[in-house]
Amino acid sequence: MTTSVTNAFALSEEEQALLPTDDEVEAYARQGWYLTRKLLTDAEVDELTAASERFYAGERSRTLPVRPSRLAYWEPSKGTVQRHNDYIHYESDAIARILRKPLIGAVAARLAKADEIRIWQSTLIYKPPISGEPSNVVPWHFDRHYWQACTSEEMLTAFIPFHDCGVEMGTITMVDGSHRWEEIGADDTTTRHFAERDNEDLDRMLADNAAHNHAEVRKIPMVIPKGHMSFHHCRTYHGSGANVSPDPRRAISFHLQPGDNENRSFRLSTGDTVAYNHDVLVRRTADDRPDYADPEFCPVLWRN
């Protein structure tokens, strides 16, 4: 037995049992993060690993027609730093096939309380087993800062490791409940990616915002078994530490948007308008805005 309005967005009874319960949806609303049940089979996870190795060796199903100015795109010439490769769902069909598993979108829809979930972005990540590599440490930040060109406040991210992932590997770590804080200190610089910011400034911003909200900074490492994943709200502070294990930490950061998300004009103090990488890739709406529902780059993952 399956449930859905179309075969494309169908779940088996076994998959339905893997969805967040009502209590877990309420917990996500309080905490800003959620650890799933096993959504991917071992074979699917192993194929993600194999496909990522083929990608690093140069295999592409297609390439972006243009390279956006802020594209994260590791190439061998960059060496043994932490690797980030955006648009992996576009450039690798083998990886996209697994990312577009309806169950992942259905979990996101439950958490975001949305009727539709579309892909926003996907980034292939490889954190080398080099404990002293500075790029391995991801400072505290939240994703909404980079998505100011979006109307939705309920965007969310699935962090999908390709193996058991714990503290030793530098797993993603959430600041519990931080998505509910009132924000202070935001300025033009917050729209810049954390790689373009000073880590000490980001640490200070986290501390200042916690103090303003009379909140404790409770850091919760996501200990994620193979085939499971974590989700977090777009305003949840998160980061990750060094990989001190003997193995690389492999994962995909899978950013998702509710179906009602659209482009909006967001101006900086300079008068410049904030843009996202999509804006030079996606089709245009009737009123000449970037269309964040473009099925080529932002396909529907789940629809109720």
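The values are calculated or read from the model by the stated rules, or taken from the named source; none is laboratory data. As the structure is a prediction and not an experimental result, all values here were calculated from the model. Positions of Cβ are generated from backbone atoms using ideal geometry, with glycine treated the same way; all protein chains shown enter the neighbour counts.
Observations
- All conditions in (1) surrounded by fewer than 19 Cβ atoms within 10 Å (Cβ to Cβ); (2) in contact (Cβ under 8 Å) with a residue 60 or more places away in the chain; (3) part of a loop (DSSP other than H, G, I, E, B) hold for Asp203, with the sole exception of (3).
- For Arg70, the criteria (1) more than 27 Å from Glu154 (Cα to Cα); (2) modelled with pLDDT under 95 hold in every case but one, which is (1).
- Of the set (1) closer than 23 Å to Gln31 by Cβ; (2) surrounded by 20 or more Cβ atoms within 10 Å (Cβ to Cβ), all apply to Phe162 but (1).
- 2 or more residues under 30 Å from Tyr146 (Cα atoms) and among the hydrophobic types (A, V, I, L, M, F, W, C): qualifying helices (runs of 4 or more DSSP H) within segment 5-79: 22-31, 42-56
- Selection status of Arg30, basic (Lys, Arg), under 22 Å from the mean Cα position of the chain (by Cα) and either more than 26 Å from Val175 (Cβ to Cβ) or crowded, with 20+ Cβ neighbours inside 10 Å (or both): no
- Residue check for Ala51: small (Gly, Ala, Ser) and either surrounded by 13 or more Cβ atoms within 10 Å (Cβ to Cβ) or modelled with pLDDT of 95 or more (or both): yes
- Single residue of Glu183, Glu168, Glu153 found to be surrounded by fewer than 20 Cβ atoms within 10 Å (Cβ to Cβ), outside any helix (DSSP H, G or I) and modelled with pLDDT of 95 or more: Glu153
- Contact annotation: residue pairs with Cβ atoms under 6 Å, 6 or more positions apart or on different chains, pairing a residue in segment 109-134 that is closer than 19 Å to Trp147 by Cβ with a partner that is in a helix (DSSP H, G or I) and at pLDDT 95 or above, are Leu111/Tyr28; Ile117/Gly105; Ile117/Ala108; Ile117/Ala109; Ile119/His89; Ser122/Ile88; Ser122/His89.
- Set Tyr90, Tyr126: member being among the aromatic types (Phe, Trp, Tyr) and either surrounded by fewer than 21 Cβ atoms within 10 Å (Cβ to Cβ) or part of a strand (DSSP E or B) (or both): Tyr126
- Top-ranked residue in segment 243-276 [being under 20 Å from the mean Cα position of the chain (by Cα) and among the hydrophobic types (A, V, I, L, M, F, W, C); ranked as nearest to Val66 (Cα to Cα)]: Ala275
- The C-beta contact set for segment 223-235 (first residue at negative phi, second residue β-branched (Val, Ile, Thr) and part of a loop (DSSP other than H, G, I, E, B), distance under 9 angstrom, 6+ apart or interchain) comprises Val223/Thr171; Ile224/Thr36; Ile224/Thr171; His228/Thr36; Met229/Thr36; Ser230/Thr36; Ser230/Thr171; Phe231/Thr36.
- Leu268 being touching a helix residue (DSSP H, G or I) at 6+ places or on another chain (Cβ under 6 Å) and either modelled with pLDDT of 95 or more or surrounded by 14 or more Cβ atoms within 10 Å (Cβ to Cβ) (or both): no
- Glu216 vs. criteria in contact (Cβ under 8 Å) with a residue 12 or more places away in the chain, touching a helix residue (DSSP H, G or I) at 6+ places or on another chain (Cβ under 8 Å) and surrounded by fewer than 16 Cβ atoms within 10 Å (Cβ to Cβ): no
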